[in-house]
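J.: To start, I am sharing the structure in question, which I have written as structure tokens.
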Amino acid sequence: MKVSNQFNSLASLKFWIISASLVILIAGLKSASNIVTLFLLAILLTAISLAPFDWLKKKGASDGIALIIILFILWVVTSGLVVLLGSSLTNFLATIPTYQIRLEGLWESLQELLVKYGLMEENIDALQQINPGKALTLAGNVFSGFSSLLSNSLLIILIFVFMLLEVSSFKHKLAIISPDSLGSLDKVVFSLKKYFGIKTLTSLATGILVSIGLLIIGVDFPILWGALAFLLNFIPNIGSFIAAIPAILLAFLQLPFGYGIATTILYFAINFGIGSIAEPKLMGKSLGLSSFVVFISLIIWGWILGTVGMLIATPLTITLKIIFDSREETRNIGILLGDSSAIKELQKSKE
């Protein structure tokens, strides 16, 4: 009886120590959110660049040459985005109030129609409860958050350079210190390269197709919505849906009703074709996250790091899942983080 009480006391003490440590950790991350965001972006950039970096090395390039090529590509892509998105973002942020006024007018007309047919009570102000205009503001905040990071881009690049170079030397160090752990590291690095390589390509394809489709339909700022689709496609399950909302709303506001329907069909076709057909075939083994885990990570990281934290949260959680999946001791945690397809794969492996 005494042994049982001691065990319960130790378990209770362990719980409170872990809880207190988490609170301190979260408080520390929030207070240092500016510098933490820079490090996390550098980590994400490193994960995305691992595949092309190793590919260049396999083709005979040295670490230095491969790094210079990667940095040049990043510079070209970043410069292109700044040129393409700069004026579009400025114009979009300036016209948000106009779109919101127009949207509020349509919303009030819809409310009057619902009241007229007895589908809504007259004294209910639906606009105060559900304001769809916030979707446009949120889209602007996402781009504004990334624009504010451009002032610290040099620091992000410096951290990224050292991290990318350290990956190669770290494997040699680990081979000397702990040869048994080298296999697990190779498995993690391979999974990271495969996931982020494929995810970057499918996200890029999504962004390009969205931009071209919206340009053909005639929706304002097509490149801006393509960039948003590219960024949010890194958030599985709900990212593509969130990216579609502001563009679809704008299509209904700006163009005749049929064009809004066409925009909705466009997003559905692209997201279904790439997200549900092409991406799973390319990935092979499922690395999806549970929708609940995605939602919780967005809330927590969004509260700690702001809008940018919401975009970084899911790729980082995917990275943790890959690490957990690579080790027998932590594989159960990886399964808990995964979606329903992970359960099917586990059942097949046990048959």
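J.: Which order results if 112, 328 are arranged by neighbouring Cβ count within 10 Å, fewest first?
T.: Values: 112 11, 328 8.
By the 10 Å Cβ count, ascending, the order reads 328, 112.
J.: Here is a further query. Among 37, 98, 202, 263, what is the fewest-to-most ranking by other Cβ atoms within 10 Å?
T.: Numbers: 37 23, 98 10, 202 19, 263 26.
Fewest-to-most ranking of 37, 98, 202, 263: 98, 202, 37, 263.
J.: Can you list residues from other chains, or at least 5 along the same chain, whose modelled amide H is less than 5 Å from the amide H of residue 338?
T.: Under 5 Å from the amide H of residue 338: 290.
Any read-out appearing in this document is the output of simple, stated calculations on the displayed coordinates, not a laboratory observation. Treat the numbers as computed from the prediction; the structure is a model and nothing was measured. Note: ideal-geometry Cβ built from the backbone for every residue, glycine included; neighbour counts use all protein chains shown.
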